[in-house]
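This report concerns only the one structure given below.
The values are calculated or read from the model by the stated rules, or taken from the named source; none is laboratory data. Please read these numbers as outputs of a predicted model, since none were measured by experiment. Note: ideal-geometry Cβ built from the backbone for every residue, glycine included; neighbour counts use all protein chains shown.
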Amino acid sequence: MNKLLLLTALATLTVPYPAFSAGDGHGHKQEIEQSNGQKYDETPKTDEHADHGDEEHGAEGGKESGAEIDLTPENIKMAGVVVSPLILQKLGDEIKAPGEVTFNLYLSETITPRIEAQVIKRHAKMGDKVKSGQPLVTLSSVEMAEAVGEMLVAHKEWKRVKQLGSAAVSAKRYNQAKIANDQALAKVLAYGMTKEQVKELLKTENMKNIGEFQLLATKEGVIVSDNFIEGELVEPGTVLFDIVNEASLWVESKLSPELANDVNVGDMVRINVGNSDWVLGKVIQKHHLLDKETRTIGIRIEVDNKDYKLHSGMYVDTIILSGGDKKYLTVPTESILRSPDGDFVVFVEEKQGEFKPQEVEIIKKVGDFVAIKGIPAGTKIVTKGAFFVQSELAKSGFTVHNH
């Protein structure tokens, strides 16, 4: 009896348990997925998998329709989403340097008498905006009176000789009259009278106040100095007015010769005018002489100052974007996002309102812009509001995951 019980127990221990079939094993995997909400791929990942992620990730990848997001025009407008085509443009390195704002000398002028004269009347004052051809001051000069008298006499003689004609007078007299007239006219113009003033004087032959003449503005701008008084006797070269055009100013920066070698005429410049406010400028000149005291090279930057944020004498910080003529696909920094894999992605507009993530490689970053590759020029991407698009994609149940 005891032997029979022992044999029965041994037989029970040797009966095999049912093995899991292929289908059962799949069911077990499904149970894992359902229990923790994650998918587990038992297939070992290889380098080939990394190289061909677009094919293996399927619906997870950004190139599949499942990873796309459709936004209504209302959502796009509300979120401020901006889509722009990728274009090639210059993006150089940043060179920071202090600078000083100065007047644009090419748009500035000083008003000075060419002969000794007395100030009779002022027609403009400091702070006035003037136009080219506008009278600024009336002067009176003995030298001008003598020159005008000689011009009137010479003009009358030349006018009479011309009426007689070369057949009635000798060639010598004809030439002498013409030369005397031309010389007298040139002398009056050289003393500071304009051609229009001379023309009016010859027309009227008005001998009253014969020594008086006006100095006119030859450029448009603002009078920034007028250090004289009426009745004052001024010498040749005395500065009566300084006129500048503040709509365009210069910023003078100084760089070491090594840094200056990386700067080219035409490079764009960002200028800080204070309170995180920036204006754009452009390098227009590089000095060819080394400053003997500072051992630096001067860089001249032209700034559009129509908003009058800058004024001569201000000290500013400049950031020169150097880099030669090489062009890159450039996008704002805010358009670049990170995927869960750590990859850099942008959102491509497949068609109006439909976006998908596309992996890109960053070449370099300059200021608020980055140069990228891995996507063709002309592709429309989200340049503003990319975070909103990514958030909407996440809400839809998909992950930004694209190789």
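Of all residues in the stretch 100-130, exactly one satisfies the criterion of being exposed (fewer than 15 other Cβ atoms within 10 Å of the Cβ), in a loop (DSSP other than H, G, I, E, B) and of a type in the set (A, V, I, L, M), namely Met126. The residues on offer are Ala154, Ala171, Ala124, Ala167, and the sole one that is hydrophobic (A, V, I, L, M, F, W, C) and within 53 Å of the chain's Cα centre (by Cα) is Ala124. Given the criteria surrounded by 13 or more Cβ atoms within 10 Å (Cβ to Cβ) and either in contact with a helix residue (DSSP H, G or I) (Cβ under 6 Å, 6 or more places away or on another chain) or polar (S, T, N, Q) (or both), does Gln163 qualify? Taking the combined requirement at face value, the residue does not satisfy it. Between Val234, Val222, the distinction of being in the same structural domain as Lys121 (by TED's automatic domain parsing), touching a residue at least 40 places away in the same chain (Cβ under 8 Å), crowded, with 16+ Cβ neighbours inside 10 Å and over 19 Å from Ser141 (Cα atoms) belongs to Val222 only.
In the stretch 334-374, counting only strands (runs of 3 or more DSSP E) that sit wholly within it, the ones holding 3 or more residues that are crowded, with 19+ Cβ neighbours inside 10 Å and of a type in the set (Val, Ile, Thr) span 344-351. Against the test of being touching a residue at least 12 places away in the same chain (Cβ under 8 Å), more than 26 Å from Tyr106 (Cβ to Cβ) and not in a loop (DSSP other than H, G, I, E, B), the options Thr318, Thr330 yield a single qualifying residue, Thr330. So, in the stretch 288-333, how many residues would count as being over 19 Å from Asp368 (Cβ atoms), under 18 Å from the mean Cα position of the chain (by Cα) and of a type in the set (Gly, Ala, Ser)? Total meeting the criteria: 1. Is it the case that Ala97 is surrounded by 12 or more Cβ atoms within 10 Å (Cβ to Cβ), assigned to a strand (DSSP E or B) and either without any contact (Cβ under 8 Å) to a residue 12 or more places away in the chain or small (Gly, Ala, Ser) (or both)? The answer is yes for Ala97.
Any chance you could count how many residues in the stretch 145-196 are aromatic (Phe, Trp, Tyr) and closer than 24 Å to Gly211 by Cα? Of the residues in the stretch 145-196, 2 are aromatic (Phe, Trp, Tyr) and closer than 24 Å to Gly211 by Cα.
With respect to being touching a helix residue (DSSP H, G or I) at 6+ places or on another chain (Cβ under 8 Å), at negative phi and of a type in the set (Gly, Ala, Ser), Ser335 fits the description. Determine if the stretch 300-307 includes at least one residue that is surrounded by 13 or more Cβ atoms within 10 Å (Cβ to Cβ), at pLDDT 95 or above and either touching a Ser or Thr at 6+ places or on another chain (Cβ under 6 Å) or not β-branched (Val, Ile, Thr) (or both). So far as the stretch 300-307 goes, yes, one or more of its residues are surrounded by 13 or more Cβ atoms within 10 Å (Cβ to Cβ), at pLDDT 95 or above and either touching a Ser or Thr at 6+ places or on another chain (Cβ under 6 Å) or not β-branched (Val, Ile, Thr) (or both).
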